[in-house]
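Working notes for the structure below.
Since every read-out is calculated from the coordinates, none of them should be taken as a lab result. None of the values given here were measured: they were computed from a predicted structure. Cβ atoms come from the backbone with ideal geometry, glycine included; neighbour counts cover every protein chain shown.
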DNA sequence: ACCTGAACACCGTTCAAGT
DNA sequence: ACCTGAACACCGTTCAAGT
């Protein structure tokens, strides 16, 4: 939301034109960082550029958050906060559907965070334990006990995170046209002789399936596959329950 | 995923035995990069440090691979090459089991690559189409047709990649002790009143479940959960087949 | 407590210039 | 073709020093 208010000045950020609007704070820094990442990507995010947009010196930022990693951890927390469904749900299956969809919506809003969240949510000390409790409670209600509950929980978390972060994960950006032509060229080399199944379904697969796509979820969302995925996980858990 | 054909020097058998153990080449650079990442992590990998270990100037490296991204793309390809099971398999279920386990083994060998592969494999132009063909063929043999085949394929790929990359994804390293104490302290605050299900299963969950762990798969592998996950995906796909 | 300001040891990448 | 070498525009982080 914070637009670039930095004044171009050869001497650096000496003018804080709107100090009333936003005095520096942890929240302001994290929000500005997320905004920068959303607009310019994760790689071009830097403390120095962030400080410039905030109209302060880089070291002013590090007074609140000591390192780049700390800033990014806070941004991850911001994006993944409030994942538990607010709506009423009447079954554990419906709960899983809502949570999975809610997580995907969060990633869809901040696709550049996908690669970070894909691996770091899972090790984030700031994650809401209330979320963990609800997931466990839903699966316990489903009938999982002991070690099976642990395995079902890990299965649910990994599935929730995995699909969305891979769907919205980055596509090579620098020379998109060249890259897209590359993959399209390779796909044209697919013949019924070389890759029969792939060739047969090429029109259905291209740009709608992992590995043989040239856009990510932002431009080419995989809605149908995502819903199929949810039902697969739920159906699989039901099958695991039926085993004993 | 593309097969790596052994590269022989076109200049004959002149062996540079001394100081530079091998003359510079794309393969040598990529192998050295992977080695450096395996030993020191992804973040501390840099072209300049890589060049130093190779005994050349940084720009010598960029003659073969023009940018840092290009190097990392090649490393991803190296790590994820040869994923298709070599062994005979007698059912599509068994094929999925073998592929999932093989992928996890590859990530386990190179855990620092997990975060990169988690999002980038899925958009890698160098990926072996033979792998795609085999996965499609297995799912087609299972009985999936048309759009369902696409969805089942996406489900399988995402599942294969998601579990392993999250299991072996990075844990904050700089102040591991402090961080571990943090999460342990938070877990101690869990009471039957605040988080009943979590509290009840705490001994089973801690360090063996996502979010409430303080080590990653390298130190605390989730073998049981992984096998449960595989069977969940397979059982779920079977259930989706039974729908019509 | 909060921020400026300079400094340090790095980066990736570009552009010669050599051979 | 392959590599040296210098240079550029950046980094994150540390350490004062101000207020």
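At-a-glance table
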| read-out | value |
| --- | --- |
| Residue-averaged beta-carbon neighbours from other chains (10 angstrom radius) around B:181-187 | 2 |
| Nm distances between copies for residue A:60, ranked from closest, using label points 7 Å along Cα→Cβ | 4.6 |
| Inter-chain Cβ neighbour average for residues A:143-156, partner chain, 10 Å | 6 |
| Segment residue B:105-residue B:189, length gained on full extension (0.36 nm per residue, minus Cα span) | 26.6 nm |
| Nearest 10 degrees, 0 to 90: helix B:92-109 Cα axis against chain B principal axis | 60 |
| As computed over chain B, the Cα convex hull volume per residue (Å³) | 169 |
| Most fluctuating residue given options B:147, B:82, B:223, as computed from a GNM of chain B linking Cα atoms under 10 Å | B:147 |
| Nearest-ten-degree value, helix B:129-142 long axis tilted from longest Cα axis of chain B | 30 |
| Acute angle (nearest 10 degrees) that the helix A:68-79 long axis makes with the longest principal axis of chain A, alpha-carbon atoms | 60 |
| Teacher prompt: residue B:90 distances to equivalent labels in other copies, 7 Å Cα→Cβ, nm | 4.5 |
| Mean separation of Cα contacts under 8 Å, 6 or more apart, over the residue count of chain B: relative contact order % | 19 |
| Most fluctuating residue given options A:58, A:111, A:170, as computed from a GNM of chain A linking Cα atoms under 10 Å | A:58 |
| Share of pairwise Cα separations in the protein assembly as shown, more than 32 Å, in percent | 44 |
| At 7 Å out from Cα toward Cβ: residue A:221 inter-copy label distances (nm, ascending) | 3.9 |
| Residue mean of other protein chain beta carbons inside 10 Å, A:134-141 | 4 |
| Of A:139, A:129, A:96, the one that fluctuates the most in a GNM where chain A has Cα springs shorter than 10 Å | A:129 |
| Convex hull per residue volume in Å³, alpha carbons only, for region A:56-161 | 113 |
| Quarter of Cα convex hull surface for region A:21-79, i.e. mean projection, nm² | 3.6 |
